[in-house]
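The structure appears right after this line, and notes come after that.
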Amino acid sequence: MDSREKSSTVLIGAAIVLVTTTVPYLTMLNVFLFSGIFLAGLVSLTFSIMRYQVRLPYNEAFVLGFFAGVLGGILSEGAAWILMEYAGYRPGTESLALIIGWLLEMASDKPELQPQVQALLEAEKLALAPIILSWRDVLASMLFSAAFYAPIAGFGGMLAVFRLKRKARR
């Protein structure tokens, strides 16, 4: 792959990370082991390999997915800050409220779970409370997200190569 193809692969993956971490209810994908981030690496590498008809080793697929995760983490935290600052929307809050609603519904007829339910409601209040972020906080969250999302998207890229190599053998 040349540098243009690699950069388009990284941008596609970063765009998928951005969408799965900021769009309401799509953030639910990341509730289960950050599967939206994993899918970003998987989909971007699958698309690029099929589009450019290249053979990639696992380590190169991991690196491309890794950089997609880094860029996606930085962009998603930047977008989250912009949404919180100017639109009053905090990505993921509707998913959190939905999950807590489901848990409350399941625990409604079990009085032994009431202490946990109360703790969960207190945690929800804390999570939904308005916050003010400094530039240092935003940069720290960008770095943390980039470092956290990168290996997950990288493993998604490796799975794309594994699936396509296995499919080619048949």
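Tell me which residues, restricted to the stretch 41-65, are assigned to a loop (DSSP other than H, G, I, E, B) and surrounded by 17 or more Cβ atoms within 10 Å (Cβ to Cβ).
Listed by number, the list holds a single entry, Leu56.
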- request: Output the qualifying pairs, or none if there are none: Cβ atoms under 9 angstrom, residues six or more apart or on different chains, first residue in the stretch 84-99 and part of a loop (DSSP other than H, G, I, E, B) and at pLDDT below 85, second residue loosely packed, with under 14 Cβ neighbours inside 10 Å and among the hydrophobic types (A, V, I, L, M, F, W, C).
  value: none
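Quick grid of which residues meet (1) out of contact with any Leu (no Cβ under 6 Å at 6 or more places or on another chain); (2) farther than 27 Å from Leu139 by Cβ:
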position	(1), (2)
Ser7	yes, no
Thr20	no, no
Phe38	yes, no
Leu56	yes, yes
Phe62	yes, no
Leu96	yes, no
Lys110	yes, yes
query: Which of the residues that make up the stretch 129-151 are touching a helix residue (DSSP H, G or I) at 6+ places or on another chain (Cβ under 6 Å) and closer than 23 Å to Leu64 by Cα?
result: Ser141, Met142, Ser145, Ala146, Tyr149, Ala150
- prompt: Could we say that Leu120 is surrounded by 12 or more Cβ atoms within 10 Å (Cβ to Cβ), assigned to a helix (DSSP H, G or I), more than 21 Å from the chain's Cα centre (by Cα) and hydrophobic (A, V, I, L, M, F, W, C) here?
  reply: yes
- request: Filter the stretch 123-138 down to residues that are surrounded by 14 or more Cβ atoms within 10 Å (Cβ to Cβ) and closer than 22 Å to Ala79 by Cα and give me whichever is nearest to the chain's Cα centre (by Cα).
  value: Val138
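The values are calculated or read from the model by the stated rules, or taken from the named source; none is laboratory data. Note that the structure is predicted; figures quoted are calculated from it, not measured. We place every Cβ from the backbone using ideal geometry, glycine too, and count neighbours over all the protein chains shown.
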